[in-house]
Amino acid sequence: MKTGMRRWTLAAAMALAAAGVTAGGSERAEAFCGFYVSGAGGEMFNDATQVVLMRMGTRTVLSMQNNYKGPPSAFALVIPVPVVLQEADVKTLPAEVFKKIDQMGAPRLVEYWEQDPCQPDYEREASGGRGVAFSAAPMEADKASKDDLGVTVEAQFTVGEYEIVILSAKDSTGLETWLQQEKYQIPAGAEPLLRPYVSGGSKFFVAKVNPDKVTFADGRAQLSPLRFHYDHDDFSLPIRLGLANSSGTQDLIVNILAPGQRYEVGNRPNVTIPTNLDVKNEVRERFGEFYAALFDRTMEKNPGAVVTEYAWQATTCDPCPGPQLDYHDLATLGADVLAGERGQVSAYQGWDFVHTRMHARYGKDNADDLVFKQAAPIIGGREVWSGGWDDVNRTLEERSKPAGTNAFQGRYAIRHTWTGPIACDKPKRGRWGGPPDGGGGGVKPALDLAFAPRGQAKLEAFVAGDVPELAVKATSATAPVDPAGATPPPAPVVEPMGKRKSGCGCSSDAGGGRAVLAAALVLLVLGRRRRRQEAGRR
Amino acid sequence: MIAGQAPHGRGATTPARPPRGRALARRRGPGLGTGALVLVLVVGLGLTTPARAEPTLGARLPAAPGRYGPSLLELAGGAGAGGVELADVETCATCHAAVAAQWQASAHSFASFGNPIYRSNVAGVRAALGAPATRHCGGCHDLPLMIDDAMPTGDAGLAADDLRAHQGVSCRVCHGVRAARVDGNGSYTLDAATVPTPTPGDAASLARHRAATSVRALGAELCVSCHRGFLSPDLGLPAHLSGIDEPTAWRGSPYQASGTARIDAVAARTCVDCHMPEEAVAAAVRDDEASAGADGRVRSHRVVGGHTWMAAMRGDADHVARTQAALRDAVTLDVAALGPVDASAQAPPGLTGWVLPAERGRPGPGAVGAGGLAVDVVIRNAGVGHRFPGGVLDMHDTWLEVALVDGAGRALAGSGLRHAADPDDDEAHVLRTLVVDEDGRVLRQHELARFRAVIANHTLAPREAQVVRFVAPAELLRGAAAVTVRLRHRSRTLHQQAVVCAESRTPVGRAFARGTGDYRDVVLDPCRPQPITELASARLGLDGAGPAPSPRPAWVRVYEHGMALTAAIGERAAEAEVVLRRALALVLAGPAPAPAAGGASAEPAVAPATARAMVLVQLAAAVGRLGRTDEALTLLAWARVLAPRPTPAAIPALAAELLARVWRWQEAAPLARAVVERAPGNTGAHVALARALSSLGDDAGALRAAHAGLALAPREPELLRVQAIALAALEHPDAPAALAAFDRFRAPDVSSELRIACARQSPVCAREREGAHAHLLSPSPPVD
């Protein structure tokens, strides 16, 4: 077996390891829970992964979408799993559902126009003073998704570009032998990375990819999403294998869907992204860059943290950057294999899923698997103002805070002040809504964050006001701003933008470390006292 | 003390210089770097690099069945006594009247076909797997029949009036064992040669007799050979499943100084200490008891366990009472905490608003959430050296009765209140395993031929605690004055009793009953109601009245609660952390911990520093489960400072586990080795070391570690896997055989799938699959 190991060539890039190699340069890479092998040799990389986890009780459904960069010859994904999967446990999913959930949880940019200060209040009074958001029409979106997606889980075992092979527990002990028999090559440096998995009893499934069924562009191929599920007490995401041999930094976005439950990580600090920030007009075209700066600053302030970007009821949104998740999407992502509620024996059909989106960025020396824990609901990032319309001191909801339900998002606004005539005695300022021409506004999500431009502009130049939690002082703190004047720009369309998030409105110590230290000091004193007493007795 | 270990504070004539690890801890405290923390642990243990020079080992393979397969019974001595002679107890009783009388009361004496429970189960095996498969049972239950090749070969294979079918594990069986192996399934060698009869007054003949019958040298291994059992392809089944297994739990427990789950302070005890205590021989028969010591005492052959049904079936009130007394020392019970739950019956993350520990009094305004009020009930195996309930884990019926009562004691709502009479009650929490068939259906009647996977195990390892959450919806709380909890025990489920009862009414059943009456002078009626034993009870007053819920120190209650919560699913580990931080605060701030007064105490008296170390270790386990490795190592470093010397194995064991979890194998391996040296009986310790060394690529070392563990547990799949991997890497010719052994005894590949299938079709399965799960209290029917 060792001989076989030595024969291995540097053909496969360990999951995110590949990502790490590229991250050493200008590109960034995202996490991946497995690794590539091929028969032809050559470098193979994975530089964009999205993960969606669904969890209820001990059931975990893990969906992931990977891309591949490497020779256009036959290759395979090798993925360790805690139990031996059965054929029915592995499925492929339509890529659309990943786009949808990414769009739903992504930080969003909205635009507001100050309404005519002399306009009667009408509906605003009745709605409790909430502003008008530029939401997509939920019902239409829901209908569209049903029509487009239907029941989308593929049940075939060989489907699309994949031929799925599940190794038994016995075969898994001889993974390298099996791969050799299948004419795959593994990098020589892979042995120390694989060994713990094999020794620890991990099982493996292999997704062989037929390159003839994959479209390559610039040496990259977007692979069909894979989904598998299993039953396990622990709820974690293994990322270590992917990071091995990495010399750079990885980005990982994890979406978790769980009935009535938000999640955080248990083994790193958790922060929420600073939200409800007003930003300058140019952010419209540089939203990704702005968000990357915000995210990086947040990480600077909270080293090693995992940033919560979204925690909201999964089937609603406000504002909505796209169609909401519907039941078909939830079934596609795993609700079809969750057990029913207490006393039920059917698939889970509840509508109480909470969508948590977390964003991690880490290096090789901080690549422990992400361990998730349950977290209390939070709110934040909504167009919710304190006080009524007549309150000149009213303020917009800031940061995140505990609540009875989850409604937190990363939301950033360009605000256009009223520049028209004011022809009344008691103008009411600060009422925000759609553009004066009555047209609809827009919501722009930050997508493809792994490829956002970084380091080219300072956060201070983007924000219209200070961000005290990040010690950011706006270069011009006169918010709101109105470079566009009375003529609003065309409503922005939803488009991919490279960007990262930032954040940290609310920071929590993952471990109660200070309490531990305090307790430890007390213990130290007690321990010394005990030893003195013992010495005295002797 | 292990080689190279520095002495800790004893016997020094000059001012002792602290060991380096302790000095480091003092100097740097919790701010230590991670590497230094591990150094603290490692140096304190005095670890050394093991010698490596020895010949390459081959595969250590589990024993294969021989002539008496599937049982692992072997016979020595060639031709000798036949089955009738082995079944002969009367001859022994002529000189050992007291012991024989004790044995007559034991379940051992009813191990064979005269026992309707056994008879019913064997009939099931025969029907499903064929007559030869019943030798699996016979190896331990039916030696007199086995050595005569007379295990039933069909319905007509055994006469109901055959003496050999009515004496069970007789004197000659136990005292004829010459060697015992750790495999289980009857893995002993019986010398069936005729026992030399002693002549009164002839010392030489007495010595020969004693030499031929003494099993003292075998020690606990004699028990192991039959109190470890497994199902496997040897029996014609598609998968290997471990069944009864007292030795693994006992050997890895503090009762054998090999506990690694926590710091504990119980005295070492063996099977004989607990189940065969010394007993005075009645004066009337003292002259007829040759084995009594000078003090007139013998080792009791009643072998009291938990089988109240067997004793009640034959109307032996004395044995029922003895058994119930033993059971009542087994566990402690506590209503440990209460607090609000949300609309989906979930406690808020971090147990916000919870009262730790619960004390009598009216719940505050924050105690009732949208989903009502929850109480956490904690059960702890306080006094049993193996799992509780023990034996065959799917057959027991030990359940919690929880009631929300009004001021007059009337139940307003409850869980398990109808379990005593309703075999189909699915609301109660039962301390048992859930076993499923190939379709994921729960099997309730011990149909072992259909066993495919164990879905959940809610029995308790030695000194382990378990928590069950009971949720009272807000609408049921009106008028509630208290929560009462009882842990009740019945030997077997009503489902199984129904099957056994039905069989006893068949012609075959009646015939065997007559045979038992003839030989044993008892009438066995399995249709009589089984005794129900209340093992423990607790009450939490919600109106400020009544006694305190527990007389034990608050820190102990919270400590046990936190310990139990570490078994919850991963994302709820934060609950354990919250509770254990509370325990730490109590143990730091409160008066010196005191032992509980009287009765079964879950916590023996410990020094304050030890108590703090105990809490810290459990807190480290909870923090480590959340993935905060370095913080957990810090806690362990402090625990080591406070713990008694030598350092309890729990500290390096947990450190090794935490480090292994994050692949810090170089640091984990020496700690794992230290655990093996301190807790050599703990199979899990050997697994940890073998995995660490294998992960490091030290195949020879991994193989050695696997060998050492397999000497204790020959079919442990983790060790068999490491052995197979190591031998393959070493290109050893035994590698294929080792891989085949792993393949034969590994957990079934379909286990996870069956868990999912079971949870999907059974609400019980869906609930019980999860550790520290919740039960909803149901309204009680109105009282007439």
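The values are calculated or read from the model by the stated rules, or taken from the named source; none is laboratory data. Nothing here was measured: the structure is a model prediction, and the numbers come from that model. Glycine also receives a Cβ, built like all others from the backbone with ideal geometry; neighbour counts cover every protein chain displayed. For accessibility, only protein heavy atoms count, side chains too; no ligands or nucleic acids. Shrake-Rupley method; radii C 1.70, N 1.55, O 1.52, S 1.80 Å.
Summary table
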read-out	value
B:HIS319 being more than 14 Å from every other protein chain (Cβ to nearest Cβ) and open to solvent by 40 Å² or more (accessible area, probe 1.4 Å)	no
Residue match in segment B:674-682 (condition: modelled with pLDDT of 95 or more and within 14 Å of chain A (Cβ to nearest Cβ))	no
Verdict on B:ARG286 being among the basic types (Lys, Arg), away from chain A (no Cβ under 14 Å) and outside any helix (DSSP H, G or I)	no
Single condition B:ALA740 does not satisfy, out of (1) closer than 21 Å to B:GLY697 by Cα; (2) free of Cβ contacts under 8 Å to residues at least 12 places away in the same chain; (3) not charged (D, E, K, R)	(1)
Failed item in (1) more than 26 Å from B:LEU235 (Cβ to Cβ); (2) of a type in the set (Gly, Ala, Ser); (3) surrounded by 15 or more Cβ atoms within 10 Å (Cβ to Cβ), with B:SER214 passing the rest	(3)
Some residue of segment B:293-308 being more than 30 Å from B:THR91 (Cβ to Cβ) and either buried (at least 19 other Cβ atoms within 10 Å of the Cβ) or at pLDDT 95 or above (or both)	yes
Qualifying residue in segment B:631-650 (condition: open to solvent by 10 Å² or more (accessible area, probe 1.4 Å), more than 9 Å from every other protein chain (Cβ to nearest Cβ), in a helix (DSSP H, G or I) and small (Gly, Ala, Ser))	no
Residue check for B:ALA347: within 14 Å of chain A (Cβ to nearest Cβ) and within 31 Å of the chain's Cα centre (by Cα)	yes
Within segment B:413-455, considering residues that are hydrophobic (A, V, I, L, M, F, W, C) and in a loop (DSSP other than H, G, I, E, B), the one farthest from B:TYR118 (Cα to Cα)	B:LEU417
Residues within segment A:330-355 that are closer than 23 Å to A:PRO377 by Cα and modelled with pLDDT of 65 or more, tallied	13
Residues being within 7 Å of chain A (Cβ to nearest Cβ), acidic (Asp, Glu) and touching a Gly at 6+ places or on another chain (Cβ under 9 Å) - total across segment B:731-755	1
Positions within segment B:389-402 being assigned to a strand (DSSP E or B) and open to solvent by less than 10 Å² (accessible area, probe 1.4 Å), in sequence order	B:ASP397, B:THR398, B:TRP399, B:LEU400, B:VAL402
Checking B:SER291 against (1) within 30 Å of B:GLU657 (Cα to Cα); (2) touching a helix residue (DSSP H, G or I) at 6+ places or on another chain (Cβ under 7 Å); (3) polar (S, T, N, Q), the condition it does not meet	(1)
Helices (runs of 4 or more DSSP H) completely within segment A:161-201 that count 3 or more residues being more than 10 Å from every other protein chain (Cβ to nearest Cβ) and either at pLDDT below 85 or over 13 Å from B:SER695 (Cα atoms) (or both)	A:175-181
Qualifying residue in segment A:136-150 (condition: basic (Lys, Arg) and at pLDDT below 50)	yes
Residue ID - nearest to A:GLY410 (Cα to Cα), chosen from residues in segment A:241-271 that are modelled with pLDDT under 80 and either open to solvent by 30 Å² or more (accessible area, probe 1.4 Å) or assigned to a strand (DSSP E or B) (or both)	A:ASP251
Considering residues of segment B:75-97 that are assigned to a helix (DSSP H, G or I) and open to solvent by less than 10 Å² (accessible area, probe 1.4 Å) only, the residue farthest from B:ARG210 (Cα to Cα)	B:GLY83
Any pair with Cβ under 6 angstrom, 6 or more apart, that starts in segment B:756-782 at a residue that is over 12 Å from B:PHE470 (Cβ atoms) and facing chain A (nearest Cβ under 9 Å) and ends at one that is buried (at least 18 other Cβ atoms within 10 Å of the Cβ) and among the acidic types (Asp, Glu)	B:ILE756/A:ASP231
Residue selected from segment A:202-228 under the condition within 14 Å of chain B (Cβ to nearest Cβ) and part of a strand (DSSP E or B), by the criterion most open to solvent (accessible area, probe 1.4 Å)	A:LYS203
Inter-residue pairs, beta-carbon under 8 Å, first within 21 Å of A:ASP278 (Cβ to Cβ) and open to solvent by 20 Å² or more (accessible area, probe 1.4 Å) and in segment A:444-468, second part of a helix (DSSP H, G or I) and of a type outside the set (Phe, Trp, Tyr), 6+ apart	A:ALA457/A:GLU289; A:ALA457/A:ALA293; A:LYS458/A:ALA293
Matching residues in segment B:252-269 - criterion: being open to solvent by less than 40 Å² (accessible area, probe 1.4 Å) and either among the polar types (S, T, N, Q) or over 25 Å from B:VAL556 (Cα atoms) (or both)	B:SER253, B:SER258, B:THR260
Strands (runs of 3 or more DSSP E) lying entirely in segment A:368-444 (those with 2 or more residues that are under 30 Å from A:MET56 (Cβ atoms))	A:370-375, A:378-380, A:407-409
Segment B:463-504: number of residues that are open to solvent by 10 Å² or more (accessible area, probe 1.4 Å) and assigned to a loop (DSSP other than H, G, I, E, B)	8
Residue check, B:VAL272 touching a strand residue (DSSP E or B) at 6+ places or on another chain (Cβ under 8 Å), at negative phi, surrounded by fewer than 22 Cβ atoms within 10 Å (Cβ to Cβ) and part of a helix (DSSP H, G or I)	yes
Residue among A:SER400, A:SER386 that is open to solvent by less than 30 Å² (accessible area, probe 1.4 Å), of a type outside the set (Val, Ile, Thr) and modelled with pLDDT of 80 or more	A:SER400
Qualifying residue in segment B:687-699 (condition: of a type outside the set (Lys, Arg), without any contact (Cβ under 8 Å) to a residue 12 or more places away in the chain, farther than 30 Å from B:VAL467 by Cβ and part of a helix (DSSP H, G or I))	no
